[in-house]
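Novice: Structure incoming, see below.
The values are calculated or read from the model by the stated rules, or taken from the named source; none is laboratory data. Not measured: the values here are computed from a predicted model. Counting neighbours? That spans all protein chains shown, and the Cβs are built from the backbone with ideal geometry, glycine included. Ligands, DNA and RNA are excluded from the accessible area calculation, which covers all protein heavy atoms including side chains. Shrake-Rupley method; radii C 1.70, N 1.55, O 1.52, S 1.80 Å.
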Amino acid sequence: MSEAVHKKLNIACEYMDMAMQLYVEERNYFCAIHLAAAAEELLGMHLPEDKRISNVACKAQKALRIIETGKAPENTKANKKADKEAKRIVNFSKNTIKHMKDPKDTDDTTIIIDPAFEAAHWIEQALINFYKLDLSKSPTLWKFEDYRNKQIRQELGSLL
């Protein structure tokens, strides 16, 4: 393959397709998380800031914190700290699987998450941005939607 110009929107769609394929095949969930999170970021960059799902999620997390504590940040410094904390919480699973603070920190050598749940979450986050961009669905996306709909129906059926 030779060097060529590649649109980042197409790269994001490739990442998302592979994440969905891995998810449907019930394998490599950590790879699916990483790919879907990258797709979410790239797709989001094609949207206005207030329409990106990551920004909406951070605002919601910040609002939840205000409800929990009963107080809003009082000044610019406190507001920036609250923004940073909301972003840390929202991005925890995607960042914890790809970064280590310090290899000597034994608390940072393992994580406790449900990789299948997180993979579905990040794929769905990417899809929110994807749908807002009004892009054409790939065969992999159709397959993923069918698969997730069956999963959700089974989960709901077990609750009834």
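Novice: Set the Förster radius R0 to 30 Å, insert the Cβ-Cβ distance between residue 47 and residue 25 as r into 1/(1 + (r/R0)^6), and round the FRET efficiency to 0.05.
Specialist: Rounded to the nearest 0.05, the efficiency is 0.55.
Novice: For the cross-link pairs 8/98; 62/94; 62/143, which exceed 30 Å when the distance is taken from alpha carbon to alpha carbon?
Specialist: From 8/98; 62/94; 62/143, over 30 Å: 62/143.
Novice: Using a probe of 1.4 angstrom, how much of the accessible area of the range 72-140 is carbon and sulfur, in percent?
Specialist: Carbon plus sulfur share of accessible area: 54 percent.
Novice: Quick one: accessible area per residue over the chain, 1.4 Å probe, rounded to a whole number of Å²?
Specialist: 70
Novice: Next question, about the same structure. Which of the peptides 109-119, 40-50 is most tightly packed, and how do the rest follow, going by the mean number of other Cβ atoms within 10 Å of each residue?
Specialist: On the way: 109-119: 13.8, 40-50: 17.1.
So the peptides 109-119, 40-50, ranked by packing, come out 40-50, 109-119.
Novice: While we're on this one: Where does helix 53-69 land angle-wise versus the long Cα axis of the chain, in degrees 0 to 90, nearest 10?
Specialist: Around 30 degrees separate the two axes.
Novice: Ok, one more. Compute a Gaussian network model of the chain, connecting alpha carbons closer than 10 Å, and tell me which residue from 75, 129, 28 fluctuates the most.
Specialist: With Cα springs under 10 Å in the chain, the top fluctuation among 75, 129, 28 is at 75.
Novice: Please report the carbon-and-sulfur percent of the accessible area for the range 1-64; probe 1.4 Å, protein heavy atoms only, DNA, RNA and ligands left out. Provide the component values of the computation, followed by the final result.
Specialist: Values: 2240 of 3950 Å².
Reported share for carbon and sulfur atoms: 57 percent.
Novice: Sorting check: for 58-65, 151-158, which peptide has the highest mean count of neighbouring beta carbons within 10 Å, and how do the rest follow?
Specialist: Packing order, densest peptide first, comes out as 58-65, 151-158.
Novice: Lys/Arg Cβ at +1, Asp/Glu Cβ at -1, dipole of the range 1-101 taken about the Cα centre: which of 13, 82, 29 is farthest positive-ward?
Specialist: My answer, from the dipole projection, is 82.
Novice: Something else about it: With unit charges on the beta carbon (Lys/Arg positive, Asp/Glu negative), name the residue among 141, 111, 128 whose Cα is farthest towards the positive pole of the charge dipole of the range 110-156.
Specialist: Of the options given, the answer is 141.
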